[in-house]
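Read the structure below first, then the notes.
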Amino acid sequence: QCDWSSDVCSSDLRFFKRINHPGFTALAVTHDGLVWVTGEDGSIFIFDGVFWRPILNRMKLPSLEAIAMAPDGTLWFAGKRGTVYSYSGKTLTPHSLGTSADLWSITPGADGNVYISGSRGILFHYHQGKWIQLLTETQADIYALLFTPSQGFWIAGPNGLLKQYINGSWDSSPSLTRENLSSLCWENPDRKSTRLNSSHTDISRMPSSA
């Protein structure tokens, strides 16, 4: 059995290797097969299949809550109090978004940009070396973002927050729950419909109109 606060496991619950660490917050597997995890203390570890290696080790930084790889291979990290890093394989570079809001998710866009969402309706995208804030028409936290085939996207958050950005404007869609919506994913490979997950269960499905 995996202790999710201190262990990292594969899908078959096989232990990679225990790290003596107080708690993990996010995990990602990159295209080269490396496993990345972040900690509540802002630490970053990488697993190459044999050994764990610290990139940032217990620096007492704000908790890092999300990891994602951009199309160009850059790895991005985001977390509480506006903390953002990028990692190109050699250097871990801090970024300033001009906000102290907690950041919950990172989503690479089909346009090559990186999108970061967070508390109080925060949504930024990184384009040509600059961070640009997008208006979301909500003050709720944004926990997840999902792109649609025609470059629109959905955002999801607490109390059943579900909004779609399509044709340059926001369209609120009814949700079947008041639960927190913590993730969005395509139900089918052809991306004909969107599945919404709360912390515990699938709660609604709807066609992709964007």
When the stretch 126-144 is checked residue by residue, the ones that are part of a strand (DSSP E or B), open to solvent by 20 Å² or more (accessible area, probe 1.4 Å) and not hydroxyl-bearing (Ser, Thr, Tyr) are His127, Lys130, Trp131, Ile132, Gln133
From the option list Leu103, Leu123, single residue qualifying as touching a Lys or Arg at 6+ places or on another chain (Cβ under 9 Å) and either surrounded by 20 or more Cβ atoms within 10 Å (Cβ to Cβ) or farther than 26 Å from Gly160 by Cα (or both) is Leu103
Among what's in the stretch 57-100 and is of a type in the set (A, V, I, L, M, F, W, C) and part of a loop (DSSP other than H, G, I, E, B), pick the residue that is surrounded by the fewest Cβ atoms within 10 Å (Cβ to Cβ).
Met59
Restricting to the stretch 145-167, name every residue that is under 16 Å from Thr177 (Cβ atoms) and either open to solvent by 10 Å² or more (accessible area, probe 1.4 Å) or over 14 Å from the mean Cα position of the chain (by Cα) (or both).
Pro158, Asn159, Gly160, Leu161, Leu162, Lys163
So which residues in the stretch 57-82 are out of contact with any Phe, Trp or Tyr (no Cβ under 8 Å at 6 or more places or on another chain) and closer than 16 Å to Gly39 by Cβ, if there are any at all?
Arg58, Met59, Lys60, Leu61, Pro62, Ser63, Gly79, Lys80, Arg81
Positions within the stretch 106-120 being open to solvent by 10 Å² or more (accessible area, probe 1.4 Å) and in a loop (DSSP other than H, G, I, E, B), in sequence order:
Ala110, Asp111, Gly112, Asn113
Pairs under 6 Å by beta carbon, first residue among the polar types (S, T, N, Q) in the stretch 133-145, partner not in a loop (DSSP other than H, G, I, E, B), six or more apart or different chains?
Gln133/Phe124; Thr136/Gly121; Thr136/Leu123; Thr138/Gly121; Gln139/Arg120; Gln139/Gly121
Does Thr148 satisfy the criteria of being touching a residue at least 60 places away in the same chain (Cβ under 8 Å) and over 22 Å from Thr83 (Cα atoms)?
yes
Consider Asp190 carefully, then state whether it is in a loop (DSSP other than H, G, I, E, B), at pLDDT below 90 and among the charged types (D, E, K, R).
yes
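The values are calculated or read from the model by the stated rules, or taken from the named source; none is laboratory data. Please read all numbers here as calculations on a predicted model, not as lab measurements. Note that each Cβ is placed from the backbone with ideal geometry, even for glycine, and that neighbours are counted across all protein chains shown. Accessible surface areas use protein heavy atoms only, side chains included; no ligands, DNA or RNA. Shrake-Rupley method; radii C 1.70, N 1.55, O 1.52, S 1.80 Å.
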